[in-house]
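What follows is a short report on a single structure.
The values are calculated or read from the model by the stated rules, or taken from the named source; none is laboratory data. Keep in mind it's a predicted model, so treat the numbers as computed, not measured. All Cβ positions, glycine included, derive from the backbone under ideal geometry; neighbour counts span all protein chains shown. Heavy atoms of the whole protein, side chains included, go into the accessibility calculation; ligands, DNA and RNA do not. Shrake-Rupley method; radii C 1.70, N 1.55, O 1.52, S 1.80 Å.
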Amino acid sequence: MDDGRPTGPDANGWSRPTPPRTAARPAPEPPAPLSPEPLSPAPENPGPPSQPPEPPAPARTPASGTQAAHLTGEAPAGRPRALHDPDPYGTPPCGGPGPWAPAPPVQQSPQWLRYDPWGTPPSPPSPPVREAIGEKGHRRRAVVVMVVVALVTGVIGGGLGAYSVLNGSFSDVRLPQAGRESPARAPGTVAGIAASALPSVVTLHVRGGDEADTGTGFVLDREGRILTNNHVVEPAGSAGDITVTFSGGESAKARVVGRDSGYDLAVVQVTGVSGLTPLPLGNSDNVQVGDPVVAIGAPFDLADTVTSGIISAKDRPITSGGGKNDGSDVSYVDALQTDAPINPGNSGGPLVDSKARVIGINSAIRAADDSSDTEGGQGGSIGLGFAIPINQAKRVAEELINNGRAAHPVIGVTLDMKYAGDGARVAARANDGGPAVAPGGPGAAAGIEPGDIVTGVDGEQVHSAQDLIVRIRAHRPGDRLALTVRRDGRVRPVTLSLGSADGT
């Protein structure tokens, strides 16, 4: 549009085309007050306006009739009607010079460039009811969330506090550790052997008079017979007390079935006990030096003690006992030697092989403070333990069960126990003053005479009288032996059959 000034002689108002004068145009309605038009549609929930629109400036009082006529839309006398609508702001008459009315106030916003002074002002925004309701719901949800968070935090905090009380502070050191494993072990391991043999091993507590002893034994059969050493049950005598405690903790009274001091073996029996598991017997003739073994017993009354080692040697001639000084309580054993630790209290316990079979009866040790025999040393194990071979123990146990005593193999001669030379010498007289070679005995039948020296048995050298007795005791009555005998410097072979004598 132009600047609103007259442009020609016939221009009496705004730059609009001049309508034909023949028809008078009705006066239009006064325009609505001017208001800025927003650039884009108002938001659905507009906020309160930053500044309320100001009312339009009051119209000026017309100073002349011409101006009044202009405001009312009527043409003054002698002048044609104006071609434009009345000016509500009281501006000077159309076509005449004069000052212009100030424009309505405009809000400063990015939309001012699109301000339309002729547009209709927007209606006042309605109160943000929906937004207020939304804000209340939002606040309510926020409160619920905070309550839930507080409850969860309290529960977690309480749990952590309880854990801290039960398991220590969170600052305590926790080291890595392996989890639980199956207790089962391979049969050939020490643990597997012990697990198999322990249920059949027992501890014996013996009392009689002023004596008491502790030893070990193992179950022979389901009838409750138990094999142990004679020196373990000897303190009980004929009227003492023997208590057997099993690996499960059960205890029962026992009686002596039979015992033999020469072999240092005894059998006792318990009654009223069921569910017993016999320990299987092996074969000591199959044992070789270096074979692994396990010893089970109650050293120093520590029941169910397990130690392991190897067979260090075979056919070790040992003697034990001799406390009566008459030789009646001396035990002669052709023993298995082992380095498995054995101590006082292990006596009578089993020495088992890698298949948990009994190959020997633990009976004696060589202690550091005892260089003469294997009994009575209390210095503890030094790796020299001795066990009665199970082949010999089995025969003696069977005889004790069946007869109450065991038969000893003999050659029918009296030996000189004080002879210090190499070999076993036949004494000149018997201990009772009789002949040293029993008439009609095996030795007499083989031609042995007093003073002869036996130097070997079945190809094995004999160095003392104890060696010869041990070699003989390793056999059964009736077995044939090949002896090497020296007489007057001459060596000759002698063959005889072993006789029998009742043991004690």
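Worth a mention:
- Taking label positions 7 Å along the Cα-Cβ direction at both Ser354 and Ala482, the computed distance is 3.3 nm, reported to one decimal.
- Pairwise label distance in nanometres, Gln177 with Thr277, each label 7 Å out on the Cα-Cβ vector: 2.9
- Accessible-area value, Arg492, 1.4 Å probe, nucleic acids and ligands omitted, Å²: 80
- Principal axis dimensions, the range 415-454 - Cα atoms, whole angstrom, descending: 29, 22, 11
- In a DSSP loop and with at most 13 other Cβ atoms within 10 Å, the trypsin sites (Lys or Arg not before Pro) in the range 169-221 are Arg174, Arg180.
- Summed residue charge, Cβ within 11 Å of Val206's Cβ, Lys/Arg positive, Asp/Glu negative: -3
- Length released on extending from Val190 to Leu160, taking residue separation times 0.36 nm less the Cα-Cα span: 6.3 nm
- Over all pairs of different C-alpha atoms in the range 389-430, the reciprocal of the mean inverse distance, the Kirkwood hydrodynamic radius, equals 12.8 Å.
- Under 5 Å between amide hydrogens, built in the peptide plane, is the criterion, and for Val293 it picks out Gly309, Ile310, Ile311 among residues at least 5 positions away or on other chains.
- The local environment of Met146, defined by Cβ-Cβ distances under 13 Å, has a net charge of +3 under the rule Lys, Arg +1 and Asp, Glu -1.
- Extension gain from Ala239 to Arg255, taking 0.36 nm per residue of separation minus the Cα-Cα distance: 4.8 nm
- Label zone at Glu449 (point 7 Å along Cα-to-Cβ), backbone N below 11 Å, the range 461-504: 487-488
- Alpha carbon centroid spacing (whole Å) that separates the range 178-239 from the range 286-309: 11
- Solvent-accessible surface (1.4 Å probe) assigned to His205 amounts to roughly 70 Å².
- Between the range 462-504 and the range 379-445, the alpha-carbon center distance in angstrom: 9
- Global size of the range 225-293: 14.7, 43 Å for Rg and Dmax (C-alpha atoms, Rg to one decimal, Dmax whole).
- Here the Karplus relation 6.51 cos²θ - 1.76 cosθ + 1.60, evaluated at θ = phi - 60°, turns the backbone of the range 442-457 into coupling constants of x, x, 5, 5, 8, x, 7, 10, x, x, 5, 10, 7, 10, x, 9 Hz, with x for every Gly and Pro.
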